[in-house]
Amino acid sequence: MTQRFAKRDVALAALALLATSTLSVAPTVASAGTKTPGKYVTGDFHNHTTCSDGSISMQKLIKKSTDKGDTPWGLDWFVQAGHGGNGNRNCTLVEDATLSTPAYPFVAGKGPTTTWTDSIGAANLKGDGGGVGGNGNMWRWQSLQEYQYPVVEYLNSRNNLPVFIGMESVVAGHEHTSMSVITGQIPLATETASLPASGAYTALGNADALAQWSYCFDRGDTDKSRGNITGSSVGNNWNCAVPGSNSTADESWNATAQKLLPAGGAGTGTKGHLKTLEALKWMKANHANGSYYVPAHLERAGPFFADGNQGFNIEHLRNFNNTAPAIAFGFESQPGHGASANRGEYQVNRNNFGGGVIVDSVGGTTYGGTGVYAGQIGGVWDALLGEGRNFWYFASSDWHNRGSFGPDDRRSTQDFYPGEYARDYVMVRNGSNKLRPQTIVDGLRTGNSFVANGQLIDRLAFVACASYAGIAARTNASVEAIAVAAATNNTDIDTAGCATMGEKLVVRPGAEIVVTIVARDPAGTNYSPYTFPNPSLAQVGINQPINQPVLDHVDLIRGMVTGYKTPGAADYSGEWPRNTAWLRTDGTTADLSVVPAGAKNTSAAVIKTFAGTGNGAWTTVQSGVDNTAFVKMTYRIPAVQASQYVRLRGTNMPAAVPYETDANGNPLADLYTNANDSSKLRIECKTVGTNVPATGTTYTGTAIDGCPAHLPVVGGKKMVAYDVAAWSDLWFYSNPIYVEVQGGTTVAGLK
């Protein structure tokens, strides 16, 4: 790319309040000179195979996501996830001979859509009734424990890939969460063990802990077998009670299953949420350093519903983080499904709460691909950061399929592959050792990470340093040198008096904070298959190939820190405004005045916008490492008297691009490029090319030079939607840097 760059509620609150006394297990910021060396590495932890509702095998998805030869976007690490509950297909079988390995060979006539019954036999399905109701579905706990994990460990060793197993849990009381318990997975012995030249592979590690969590706490798992062979006590004999908690005294406790099984109907959501808090307490008690819990596409299912299983309000996120701050440390407010008819699958009138109550996804849609909780400055994310919480922003692919296209096509009307479009860049401190599940989870936990779409940027150093009058003064140049060195070496900083993402800088009152940003907009093309001019930018006279995006500007956002909210207090809870109370029918939105106090932080605002020219122009620097160009920019926050945080976002969209950004550069609702309602489509795709393959063919190249055939047509005109909308409108988001002023509010979420 070119360079521009009732009682139960009281009990719930009491549980959450009690949990706040455990904040000592929150991430710790290292002192200068003590950090283990590391790099920013890319990964994905939310995706699907035929083990749940995906379209391809585990082997194919792992290859597509990590093999830098087969696909240019190969990730550095990968967590193979999928829905909890159960499934009926054997995802360990492969599509064809190209995916065959000695331990998992291709079997003619069978593939990843073959049922468990037709591949291993119904007699081998475990749990109540032999699988799920005798219909050939395998409980996910068995799938994880006996089938999926060995494949992942084998591929990890055979291909030297940092791959492990996670899950997209079906959440009691809510919708979905990306999570894992990594205990037992990929032991050190796998690094030196020899693989069999033929025949079955016997795993050295296990996913027993993750399988038990799935049985115990996933809403989709109603099995009562305790993880045993049908009708016997032979097997795992799991007990899901949490020591020190009131698990077995809860009204939802099932003595046969030895787990909580909340009844449906009135109070389902509230009882389910309590079960989910038990799940977090179980993780904390048994796998405090080896687990994570990150709510996924959390705005999609609408707000929380006390009598069902729907979304998450801010109080639920607070409860999670209070209960297990080192495990529930963030959210996916940037959902996958980026190429779907409704970006992220967020939709107006999406959710049926019963009794004729139809509820939008929270916010109604995404905003530049991000949900309203993080996409709205001063919204839910800023409210959490304004408390001083360790609560980080993540993205995922949520890969299932290509929609109208086959899995090998480069076009999509549904999903992008892991790494193809959205990438989590995470600082992983593995020193000279191989990437391992523990170092990856540790990296996620720190919040030292950023997210970028479409290779808008692929390097970032975001640094804040304290400067005092006199001998302790810092110049812009001195901080910029620190940031440039970090960015060019794809690492972070280790300097006294300075901090980076996921860290806090403790300063005396009156300190000046020097904030420096160094980013790389990589030269050349990204992973888009389209070469025609970006139709969104064409509206404002900018001729820029869609596969060569240019960073237009970077916003520095600041919010003040006022401390943790008290569980049960009026400002602890707050539902985001529903339906047209937020997103109006004309696509405009309300402002924060309609948002409850508990769900907003009105101090959050853009304090500086940097661009290639004009006031706030960045400068270009050349890397001495690989001779690539970076942009650097610095802002000084004068005489700080109160604790605060700063975070970043950036985009290829200038301010005031019709239907994309407002006059201040904020992302507009993606309603105008969501194909589900063609009456709202507004951006015309005009380029007629010479290489525009038909939708019914398979295209594997990167040279489509005209508006593709699958775009919706309104009034005889092709309109921007699906993958073209996603590739056109790109954003990056960083996690925050905290500044704690001595004598002021403590940033309690970080030591």
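The values are calculated or read from the model by the stated rules, or taken from the named source; none is laboratory data. As the structure is a prediction and not an experimental result, all values here were calculated from the model. Cβ: placed from backbone, ideal geometry, glycine included. Neighbour counts: every protein chain shown.
Descriptive notes on the structure:
- Checked against (1) of a type in the set (D, E, K, R); (2) over 30 Å from G616 (Cα atoms); (3) not in a loop (DSSP other than H, G, I, E, B), R682 passes all but condition (3).
- Unique residue being under 16 Å from S734 (Cα atoms), more than 25 Å from the chain's Cα centre (by Cα) and assigned to a helix (DSSP H, G or I) when the list is A477, A483, A487: A483
- Residues being among the aliphatic types (A, V, I, L, M) and either on the phi > 0 side of the Ramachandran plot or part of a loop (DSSP other than H, G, I, E, B) (or both) - total across the stretch 94-113: 4
- Residue in the stretch 114-123 that is part of a helix (DSSP H, G or I), of a type in the set (S, T, Y), modelled with pLDDT under 95 and surrounded by fewer than 24 Cβ atoms within 10 Å (Cβ to Cβ) present: yes
- S478 farther than 24 Å from A326 by Cα, in contact with a His (Cβ under 8 Å, 6 or more places away or on another chain) and modelled with pLDDT of 95 or more: no
- The residues in the stretch 297-346 that are β-branched (V, I, T) and part of a helix (DSSP H, G or I) can be counted, and the count is 2.
- Any hit, the stretch 195-205, residues being under 24 Å from the mean Cα position of the chain (by Cα) and of a type outside the set (S, T, Y): no
- Qualifying positions in the stretch 206-246 - among the hydroxyl-bearing types (S, T, Y), more than 30 Å from R158 (Cβ to Cβ) and under 32 Å from the mean Cα position of the chain (by Cα): T222, S245
- Residue that is surrounded by the most Cβ atoms within 10 Å (Cβ to Cβ) [pool: residues in the stretch 464-481 that are out of contact with any Gly (no Cβ under 8 Å at 6 or more places or on another chain) and hydroxyl-bearing (S, T, Y)]: S467
- Residue-level check: of (1) in contact with a helix residue (DSSP H, G or I) (Cβ under 6 Å, 6 or more places away or on another chain); (2) buried (at least 16 other Cβ atoms within 10 Å of the Cβ); (3) among the hydrophobic types (A, V, I, L, M, F, W, C); (4) farther than 30 Å from R508 by Cα, A604 misses just (4).
- Any hit, the stretch 167-181, residues being small (G, A, S), more than 22 Å from the chain's Cα centre (by Cα) and farther than 27 Å from T98 by Cα: no
- Each residue in the stretch 46-93 was checked for being crowded, with 24+ Cβ neighbours inside 10 Å, part of a helix (DSSP H, G or I) and within 21 Å of the chain's Cα centre (by Cα), and 5 of them qualify.
- Some residue of the stretch 209-223 being among the hydroxyl-bearing types (S, T, Y), at pLDDT 95 or above and crowded, with 19+ Cβ neighbours inside 10 Å: yes
- Taken over the stretch 381-411, the residue count meeting the criterion of being more than 24 Å from M167 (Cβ to Cβ) and polar (S, T, N, Q) is 1.
- Filter result for the condition that a residue is out of contact with any strand residue (DSSP E or B) (no Cβ under 6 Å at 6 or more places or on another chain) and either at pLDDT 95 or above or farther than 27 Å from N735 by Cβ (or both), over K565, K608, K632: K565
- The residues of the stretch 713-726 that are closer than 18 Å to P658 by Cβ and either part of a loop (DSSP other than H, G, I, E, B) or aliphatic (A, V, I, L, M) (or both), listed by number, are V714, G715, M719, V720, A721, V724, A725, A726.
- The criterion of being farther than 26 Å from A395 by Cβ, in a loop (DSSP other than H, G, I, E, B) and touching a helix residue (DSSP H, G or I) at 6+ places or on another chain (Cβ under 6 Å) does not hold for A694.
- The stretch 682-726 - residue that is more than 28 Å from the chain's Cα centre (by Cα) and among the charged types (D, E, K, R) and, of those, nearest to G368 (Cα to Cα): R682
Condition check ((1) outside any strand (DSSP E or B); (2) on the phi < 0 side of the Ramachandran plot) across all residues:
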site: D586; (1), (2): yes, yes
site: S593; (1), (2): yes, yes
site: G598; (1), (2): yes, yes
site: V606; (1), (2): no, yes
site: T609; (1), (2): no, yes
site: G614; (1), (2): yes, no
site: V621; (1), (2): no, yes
site: D626; (1), (2): yes, yes
site: M633; (1), (2): no, yes
